[in-house]
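Structure first, commentary second.
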Amino acid sequence: MFHNILVAVDGSTHADQALTHAIDLAHCEHARLTVITAVAAAPSIAYFGASAEAIDTLSRDAEVTAQAVLMRARHRVPSDVSVTTILSRDPIESALIRQIDDGHHDVVIVGSRGRGAVRSALLGSVSHYILHHSPVPVLIVHAERMPEREAADDAMAASA
């Protein structure tokens with residue numbers, strides 16, 4: 001049914017569960033798997049009053065973090081599943097939509113924190129954006145509720 005699967009990862013619990021589902025689907029369907037992540041841009045307030053050196057350090061740290069997330073995801077994929085990794089420097093929403101088209105993907109899989117409408121409106125929601133803009137089917141994986149991990153994920157998202 002699916003030949004070319006795209007999954008977004010960011011190191012969070014819900015993205016890890018989305019990757020698990022994507023790996024299982026790719027294995028069952030003998031499909032190719034593409035794992036994508038994006039370098040998280042620091043909020044503009046982080047740059048206020050910062051030196052060029054501090055800004056450069058923030059950028060390098062974000063890139064290193066994104067590369068580590070991508071490598072951890074890649075190492076989870078079994079050797080019998082064809083996998084490609086993509087590190088985008090664009091916002092993940094636009095990177096996903098572009099990759100769906102460029103990579104001729106059949107389905108995109110993303111995780112969802114399940115924040116609800118109000119929190120998603122305030123904090124943004126990749127899964128919501130992709131659901132409404134993707135030209136292909138979208139599988140949204142809801143993470144199992146783990147309050148201590150969710151608090152850590154929210155803190156990481158707020159600082160990114």
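No lab work stands behind these numbers, since they all come straight from the coordinates. As the structure is a computational prediction, the values presented were derived from the model and not from experiment. Cβ placement follows ideal geometry from the backbone for every residue including glycine, while neighbour counts extend to all protein chains displayed.
Suppose R0 equals 35 Å. What FRET efficiency, 1/(1 + (r/R0)^6) with r the Cβ-Cβ distance, do Asp24 and Glu53 give to the nearest 0.05?
0.20
Using θ = phi - 60° and the Karplus form 6.51 cos²θ - 1.76 cosθ + 1.60, what ³J(HN,Hα) does each residue of the stretch 58-73 get, whole Hz, x for Gly and Pro?
Using θ = phi - 60°, the values come out as 4, 5, 5, 4, 5, 5, 4, 4, 4, 5, 5, 4, 5, 5, 4, 5 Hz.
Rounded to the nearest 0.05, what FRET efficiency do His3 and Arg98 give with R0 = 22 Å and r taken as the Cβ-Cβ distance? Could you check?
With a Förster radius of 22 Å, E is 0.70.
Radius of gyration and Dmax for the stretch 61-117's Cα atoms, expressed in Å?
Just the Cα atoms of the stretch 61-117 yield Rg and Dmax of 13.2, 39 Å.
Run the quick spin-label model on His133 and Ala68: label points 7 Å from Cα toward the beta carbon, then report their separation in nm to one decimal.
2.8
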